[in-house]
Amino acid sequence: MLRFVVAEGNRLPGIVVDNTDAEVTGVWQKSVHTPPFVGAGYIHDQRAGRGRKSVTYRPTLAKAGVYEVRVSHNANSGRSARVPVTVHHADGETTVRINQRQHPPAGLLFRPVGRFRFEAGGKASVTISNHGTTDGHVIADAVWLVPVKSIGKAVAPASTFAKQPRLSGRALREHDAKAMARLEREAKATTDKKPPQVIR
């Protein structure tokens with residue numbers, strides 16, 4: 001049995017922003033193929049359009065302070081080992097490259113990229129892009145900002161997780177088809193309510 005995080009930000013200390021709430025530049029592919037992931041799925045860059053695709057998360061911070069920035073991604077050998085993550089914080093801009101071939105340490109899902117100071121209501125953002133990646137797919141899922149004072153509590157409680165059975169063959173194809181149909185319905189509903197997030 002595999003676990004994936006259900007996107008219920010109020011169950012986690014800090015702020016979680018999923019890719020469905022991010023600003024997307026370029027054409028990314030939705031997927032549910034490889035758990036674990038946050039919410040209804042994740043997106044990847046199709047290993048194309050190098051340097052022209054990005055996903056920017058803009059968390060709204062009610063309180064100033066130092067936060068640990070974590071990004072979620074599933075891992076396998078087909079991912080890029082040099083994915084740039086750029087954090088805009090109160091003291092400037094910092095870019096860290098992460099290896100998406102390696103499993104993240106936090107529940108095999110969230111990878112810390114650093115601790116940064118943020119202002120309340122400031123222009124905080126985290127951007128994942130495919131700039132300089134030539135060795136595999138780039139995954140964009142969710143970003144989690146955890147107050148450093150809450151780090152000891154920042155492990156998601158069991159009630160936050162749902163279990164997903166291991167599937168193969170026809171069962172996996174049927175599961176993926178149903179999940180993709182659901183994602184497409186959600187995407188259409190979102191598009192009907194506000195301008196599309198994809199910028200071509």
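Expressed in nm to one decimal, what extension gain is obtained for the pair VAL27 and THR134 from 0.36 nm per residue of sequence separation less their Cα-Cα distance?
On the way: separation 107, 0.36 × 107 = 38.52 nm, distance 1.71 nm.
So the chain would gain 36.8 nm between VAL27 and THR134.
With a cut-off of 11 Å, note down the residues of the stretch 109-140 whose backbone N falls inside the zone around a label point 7 Å from the Cα of THR60 toward its beta carbon.
Residues 121 qualify, since their backbone N sits under 11 Å from the label point.
In whole Hz and in residue order, list the ³J(HN,Hα) couplings for the stretch 17-26 that follow from phi through the Karplus curve 6.51 cos²θ - 1.76 cosθ + 1.60, θ = phi - 60°; x for Gly and Pro.
So the Karplus estimates, Gly and Pro as x, are 10, 8, 5, 5, 10, 9, 8, 10, 10, x Hz.
Give me Rg/Rg_expected for the stretch 63-142, where Rg uses Cα atoms only and Rg_expected = 2.2 N^0.38 Å with N residues.
Working: Rg = 13.0 Å, N = 80, 2.2 N^0.38 = 11.6 Å.
In units of the 2.2 N^0.38 Å rule of thumb, it is 1.12.
By the gyration tensor of its Cα atoms, with a ≥ b ≥ c the square roots of the eigenvalues, what is the shape of the stretch 74-118: rounded for a/c under 1.5, prolate for a/b over b/c, or oblate? Don't jump to the answer; show the numbers that get you there.
Values: a/c = 4.40, a/b = 1.84, b/c = 2.39.
It comes out oblate by the Cα gyration axes.
Please compute the net charge surrounding GLY78, taking Lys and Arg as +1 and Asp and Glu as -1 over other residues with Cβ under 9 Å from its Cβ.
Local charge sum for GLY78: +3.
Where a number appears in this text, it was derived from the coordinates with a stated rule and is not lab data. The structure presented is a predicted model; accordingly, all values stated were derived computationally and were not measured. Here the Cβ is made from the backbone with ideal geometry for all residues, glycine too, and neighbour counts use every protein chain on show.
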